[in-house]
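Note sheet for the following structure.
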């Protein structure tokens, strides 16, 4: 693996050290307008500012006060991981704080800074003198510690605290939360270690998370022992310390695993930690395991939306190609974890496919998790809601919910959106790589020589992305690398009189690499063909046999009942012989391009009391579609369930 | 509804009173040889005798001794309903005891009688002086009672105790368990009642079961207040007393419900109780609700196997037509509950379709729950196990298990098999109705005049059922009614020179009704066409789009990996143009008729890391089957997982 120095020092998550064994380093990007700017503005102006109020009413902050001795009453919340909601919010708010120029925060920014300060003080007050902190165990379990590692989430919560502290320190330069996190990390390091280390507990948390956090703490502090402890934890799974079940990642060591399994978020956080560890240690075996598992996951266990986790019952991965629609779990947190892991893999390997999956997940499985107004959420993200659906309510509802009893997803969405600019671009000694297309700017450096590119695009509604070189060394060639998305079949790129398309562009492994001596003012225009398309699945995906999905660019589309009143969505057959048309609707769902298709209604004869019939019984066999045409309006999947509750389908029968 | 008097006084479950508003009364049947005789012999000689040892090692009996003060130690078991396993076993053993002629029990029968006596004594010793009995609450909850009706299962356990007591009393004429049950029922009747009744608690159990039990206790004792209490409980659901959720049957009152919902076993036990109540009270509204819900259940929420319950997460019904294969829950107990409810509906209405569903469920979704040797069990009954399946172990494993941590299913199977002869035939003033075909005899009476028929058949392997009239009044015509199964397209029936087939037989609503003045020695031969057939589902059952299932007679078939070594079952396409052949294999699985079909192997090209492709991409689109033929051997679904663990499919793709 080529060794390269960091391209720059962006304030964001995942900051590989100077000696890290990565192919690419994160580059700074800024999102100034367009699709993701709108989503980030809603996050910054609605979701994040509402966090403290929601954490107050859900009792998370009250629990910290209970521990600090500044409040009276009962513990609130039913789970031992409620502290982590506070930490994830602090991380989100910290990344948000970094985006205002000091002195120019405005009243909203000052209020946010005050909230962060207040809540950090609360966390610091709640911490025990030896560094331990977990309100559930301090109150509900009488101070008992580390006796229930399988379910207790103590190290998981510590991991989120550490990530928040790293974010706060990187964003503000301030130490107060970092000091709290270090005290807790030092405490954990004094307790956990392998046999012979003199540490009393050779255990690991049932929910991975602290591993990736400890690597980041090492990056932020330079303390090698945090990295060593992360390594100890990553290699502690799979040896029966947690009872040996797949759910807790304990059935088989990561290094010898051949597929992803168990609880999806646990698996993915562990893999993010393993990738971080491989980056800092150059551990080729661990990297190889990560590559193997990513391949197995994407090829056999990933929904079209990038969603992960097939089962409700244990929130876990299913068997290969077991990808149900209505019972897709696809937890919003799993989409986030997938993006986090894939970004680390992109930096490690330089391969574009990791950012292909990130793009697909961002625009679909992830973004569906938050409403357009930033005020309500989906914990699970099904690909189908049937006609006649009876909603169970609760966290796993197919209806958007203001907050959850297990509120892991909302602050997780907040922290990803607040840090999104750090997942968009990378650099190495040879140039700048644009992974995701936004209106804004990207900055890298070539061994200290800055390069900068600004962009303008209406992506994903339009396929044109216009780049302007803003800064470039004179007389030194470098490579501008543009990711050609995996879904994209036709594209053109031009600079001045030079033009390429899919037949002759210098593209390999998903990267269009354009090396030249760039000059400020040079313009590059990339045009990605976005025409709507129909997609089929591997025939082993039984759940979608005989069906197609509508996609356009990076977006997966769906039909919603609200656009087809009185039409049972489950009685519709898509006419694949008729063209798909697109229509941009600025009025709809904050402005979306819809795809208009033609369907036929199926008239299903009354089958009496038994819905199974002999094949060849023409009265019912397949209930062939009628001539009755139905105009179908497909909307982007991410925007579903923003108008009214009702049925929804991504995959549509074709006969 | 016509009123008729009981045809006879069979010793078995569901004994409608003399004034019950039922169309048919249960008739006595005896199973002497053939398919169900074999299964019942295994139950009588292996499953039931092993019960006490399993209840001992699982701790159920120990818990009773703890309460009785005759043992020391910790409570065993993780659920508040472990007592019910003991009661269900006592019910099974009691029905078993009834089948030996007194004095001719043999050593096995004497051992069983001793076990029953011993365990009844234990139950009696454990009962508190005021009649209350629940080991979980007496020990683990410090004697607290009825404080957690939603989860506590106190009345559920009481219901199973009452059913066991009724069975024991009917079978042996002895009072000792009935006395225990009546004391508990009297205690419950003193505590539970509507507002204004002077009873302290206006509540109901989160798990229905006591309702049907109390109706049977009324039938056994003549005490009207047990019937009234059952009515109070049935109408207590759906009014928010349990929090209002569908899971506990509390979202909507049964009388106004329009589909089955929530936890499948809870729903079905409640419906069995409602049907019992309608039988004894003539409550037409309640009967109407039962008929409406049965129709909704069978038409939209029943798997091909008769299995019920689509979801693992809450063991509940899914949406209409949400009938997954690999994640079908289809709990064995739900199949049993469906049979119990449907039998009550058959007696109430006289309609054959209820026994159609019973037959389908008995031969498939129910029978799969117990291994051929009677020693291991399936809690859930999926219709597919994928190639590469990773089994989670535990109660919900797709592998047969010796006993479960929640062991509700095994003793439930035992009690149904031990009482199976009571689900086979009925009588009214006009004749005898044969619902299920076995080798044995059926007895009814016509207002006190006995009629008897003996039968011989190799059903379900052969379609011929030969009836001989053994007893009949001279010069008085009566009707022998034979159920023509819903799946059956061709049949013939003859008596002497009189012959009918499907074109001219006097069949209506599923009953072939043959009225004549029968004489002892008359012979009737029914021949049901059993040729193997392919079955399709309503197109709204998305899970099986583009697939067919193989059936033969009442049996659903499946492919198992063990019969197709090295062939990935998920890569097979059934060739529907080739004939199905049948082959009886006395050596296989205790003797089964297999169905031999032709398939083609699909060669799926390596799709890289992403299993979705543009429609029309001929390299992958549908991955058409090759010319490589594969001989497929389908075995009856009930017999799967009796040889080795591996993949299995009921529904097979056709292209």
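The values are calculated or read from the model by the stated rules, or taken from the named source; none is laboratory data. Values in this document were obtained by computation on a predicted structure and should not be read as measured data. With ideal geometry, Cβ positions are generated from the backbone for all residues, glycine too; neighbour counts draw on all protein chains shown.
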Is there a residue in the range A:290-312 that is under 15 Å from residue A:208 (Cβ atoms), away from every other protein chain (no Cβ under 13 Å) and not in a strand (DSSP E or B)?
-> yes
Of the listed residues (A:523, A:498, A:515), the one being over 27 Å from the mean Cα position of the chain (by Cα), without any contact (Cβ under 8 Å) to a residue 12 or more places away in the chain and away from chain B (no Cβ under 14 Å) is A:498
Which numbered condition residue B:144 misses (of (1) surrounded by 19 or more Cβ atoms within 10 Å (Cβ to Cβ); (2) part of a loop (DSSP other than H, G, I, E, B)) | (1)
Report those strands (runs of 3 or more DSSP E) wholly inside the range A:384-496 carrying at least 3 residues which are surrounded by fewer than 22 Cβ atoms within 10 Å (Cβ to Cβ) and either touching a helix residue (DSSP H, G or I) at 6+ places or on another chain (Cβ under 8 Å) or modelled with pLDDT of 95 or more (or both).
-> A:439-446, A:449-457, A:464-471, A:491-495
Condition check for residue A:543: in a helix (DSSP H, G or I), at the interface with another protein chain (Cβ under 8 Å from one of its Cβ atoms) and in contact with a helix residue (DSSP H, G or I) (Cβ under 8 Å, 6 or more places away or on another chain) | yes
Some residue of the range A:73-96 being within 30 Å of residue A:31 (Cβ to Cβ) and assigned to a loop (DSSP other than H, G, I, E, B) | no
Kindly indicate whether any position in the range A:382-402 is away from every other protein chain (no Cβ under 14 Å), in contact with a strand residue (DSSP E or B) (Cβ under 7 Å, 6 or more places away or on another chain) and in contact (Cβ under 8 Å) with a residue 60 or more places away in the chain.
-> yes
All positions within the range A:275-285 that are buried (at least 24 other Cβ atoms within 10 Å of the Cβ) and either more than 13 Å from residue A:347 (Cα to Cα) or more than 18 Å from the chain's Cα centre (by Cα) (or both) | A:277, A:278, A:279
Only one residue in B:568, B:608, B:590 is in contact (Cβ under 8 Å) with a residue 40 or more places away in the chain and within 14 Å of chain A (Cβ to nearest Cβ). Which one?
-> B:568
Quick one: would you say residue B:338 is within 14 Å of chain A (Cβ to nearest Cβ), touching a strand residue (DSSP E or B) at 6+ places or on another chain (Cβ under 6 Å), surrounded by 24 or more Cβ atoms within 10 Å (Cβ to Cβ) and assigned to a helix (DSSP H, G or I)?
-> yes
Reported set for the range B:18-39 where residues are assigned to a loop (DSSP other than H, G, I, E, B) and surrounded by fewer than 17 Cβ atoms within 10 Å (Cβ to Cβ) is B:18, B:19
Go through the range A:528-537 and count every residue that is buried (at least 17 other Cβ atoms within 10 Å of the Cβ) and either farther than 20 Å from residue A:485 by Cβ or more than 7 Å from chain B (Cβ to nearest Cβ) (or both).
-> 3
All positions within the range B:237-289 that are farther than 21 Å from residue B:331 by Cβ and outside any helix (DSSP H, G or I) = B:238, B:239, B:240, B:241, B:243, B:244, B:252, B:253, B:258, B:282, B:283
Among the residues of the range B:321-333, is there at least one that is assigned to a helix (DSSP H, G or I) and either in contact with a helix residue (DSSP H, G or I) (Cβ under 7 Å, 6 or more places away or on another chain) or at the interface with chain A (Cβ under 9 Å from one of its Cβ atoms) (or both)?
-> yes
Look at residue B:195 and say whether it is out of contact with any strand residue (DSSP E or B) (no Cβ under 6 Å at 6 or more places or on another chain), assigned to a loop (DSSP other than H, G, I, E, B) and within 22 Å of residue B:21 (Cβ to Cβ).
-> no
Does residue B:432 satisfy the condition of being away from chain A (no Cβ under 14 Å) and under 29 Å from residue B:87 (Cβ atoms)?
-> no
Is there a residue in the range B:359-370 that is assigned to a loop (DSSP other than H, G, I, E, B) and at pLDDT 95 or above?
-> no
In the range B:206-218, residues that are within 20 Å of residue B:183 (Cβ to Cβ) and under 22 Å from the mean Cα position of the chain (by Cα) total 9
Of the conditions (1) within 22 Å of residue A:424 (Cβ to Cβ); (2) touching a residue at least 12 places away in the same chain (Cβ under 8 Å), residue A:508 fails just one. Which one is it?
-> (2)
Selection from the range B:252-262 of residues out of contact with any helix residue (DSSP H, G or I) (no Cβ under 9 Å at 6 or more places or on another chain) and either away from chain A (no Cβ under 14 Å) or surrounded by 20 or more Cβ atoms within 10 Å (Cβ to Cβ) (or both) yields B:262
